[in-house]
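I have placed the structure first, in the form of structure tokens, so that the comments after it can refer back to it.
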Amino acid sequence: MMKHEENILLIGFMGCGKTTVANALHDAYGMDIIDTDALIADREGMSISDIFAQKGEEYFRNLETQLLIELQGVENTVISCGGGMALREVNVAEMKKAGRVVLLTASPETIYERVKDDHSRPLLENNKSVEFIAGMLEARGPKYRAAADMVIATDGRTAEEICREICREICR
Ligand code: S3P
């Protein structure tokens with residue numbers, strides 16, 4: 001098995017496949033996985049939706065920043081970042097220090113299909129349409145791209161293919 005000491009940070013919009021690709025990187029290369037949403041929800045003892053509803057988005061965003069700072073020093077790890085992580089400049093600086101930042105992209109139609117039956121994402125709840133997703137993607141796109149060392153389109157591709165492409169670029 002290939003040893004991969006450099007961390008990989010997966011960023012991108014909700015439904016771009018960060019969790020799936022993180023699992024594939026774990027299976028193929030034995031990398032550990034840290035999912036920032038899961039860790040935050042676990043520590044707070046409530047779902048991301050409840051954190052947004054009860055404590056507000058700003059509170060959640062501050063937890064994201066603190067977590068990234070705390071994660072400096074992990075090795076051989078895929079850090080699957082919540083979809084808003086790349087929007088703060090301070091987070092981008094921390095991500096770049098921690099490892100290689102890989103942006104996963106998908107079309108609004110693909111994202112819609114992937115998220116339409118999910119109720120765990122407060123920013124999309126009651127806003128699930130291709131048009132709404134396209135608008136958010138357009139607003140966020142420049143920040144996502146500015147944060148990325150590598151960009152991978154996921155439409156119509158398997159997690160294994162994406163994983164191999166990441167490794168061709170990054171693994172030693
Ligand atoms: C968010 C994405 C979510 C989660 C929160 C906010 C965003 O993560 O962090 O609902 O602002 O894009 P996923 O991208 O893992 O769904």
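Between Asp42 and Leu123, the modelled label-to-label distance comes to 2.3 nm, taking each label 7 Å out from Cα in the direction of the beta carbon.
Taking Cα centre as origin and charging only the Cβ of basic (Lys, Arg, +1) and acidic (Asp, Glu, -1) residues, the dipole magnitude of segment 1-140 rounds to 240 debye.
Split the accessible area of the chain by element, probe 1.4 Å, and carbon with sulfur accounts for 48%. All alpha carbon pair distances within the chain were sorted into 5 Å bins beginning at 0; the resulting P(r) in whole percents reads 1, 9, 18, 22, 22, 17, 9, 2, 0.
Heavy-atom accessible surface of segment 67-134, averaged per residue, reaches 46 Å², computed with a 1.4 Å probe. The modelled label-to-label distance between Lys96 and Ala146, using points 7 Å beyond Cα along the C-beta direction, is 1.1 nm.
How fast does segment 85-172 diffuse by Stokes-Einstein, in µm²/s, taking the Kirkwood radius from C-alpha pairs at 10 °C and 1.306 mPa s? The calculation lands on 110 µm²/s.
Just to be sure I follow: if Rg is taken over the C-alpha atoms of segment 10-97 and Rh is the Kirkwood radius over the same atoms, what is Rg/Rh? Display every interim value, and only then the final one.
Values: Rg = 12.8 Å, Rh = 13.4 Å.
Rounded to two decimals, Rg over Rh is 0.96.
Residue pairs exceeding 26 angstrom between C-alpha atoms, taken from Lys18/Lys128; Lys96/Lys116; Lys18/Lys96: Lys96/Lys116. Using the Cβ-Cβ distance between Glu5 and Arg61 with R0 = 25 Å, the FRET efficiency computed as 1/(1 + (r/R0)^6) comes to roughly 0.25.
Net charge within 10 Å of Thr77 by Cβ-Cβ distance, Lys/Arg positive one each and Asp/Glu negative one each, not counting Thr77 itself? Present the calculation step by step, with values, prior to reporting the outcome.
Details: positive: none; negative: Glu5, Glu6, Asp32, Glu75.
Cβ neighbours under 10 Å give a net charge of -4.
Estimated purely from DSSP H runs of n ≥ 4, each contributing -39500 (n - 2.57), the mean residue ellipticity at 222 nm for the chain is -16000 deg cm²/dmol once divided by its residues. Using a cutoff of 8 angstrom between alpha carbon atoms and counting only pairs six or more residues apart, the relative contact order for the chain works out to 35 percent.
Here is the short version for the chain: Cys16, Cys81, Cys163 have no other Cys C-beta closer than 4.7 Å. Dipole of segment 112-154 computed with +1 at Lys/Arg Cβ and -1 at Asp/Glu Cβ about the Cα centre; of Leu123, Tyr112, Ala147, farthest Cα towards the positive end is Ala147. In order along segment 117-126, the Karplus-derived 3J(HN,Hα) couplings, from 6.51 cos²θ - 1.76 cosθ + 1.60 at θ = phi - 60°, round to 9, 9, 10, 9, 10, x, 6, 9, 4, 6 Hz, and Gly and Pro are given as x.
The values are calculated or read from the model by the stated rules, or taken from the named source; none is laboratory data. Owing to the predicted nature of the structure, the values given are computational and were not obtained by experimental measurement. Virtual Cβ from ideal backbone geometry, glycine too; neighbours counted across all protein chains shown. Each accessible area value is taken on the protein alone, full model and side chains, heavy atoms only, with ligands, DNA and RNA left out. Shrake-Rupley method; radii C 1.70, N 1.55, O 1.52, S 1.80 Å.
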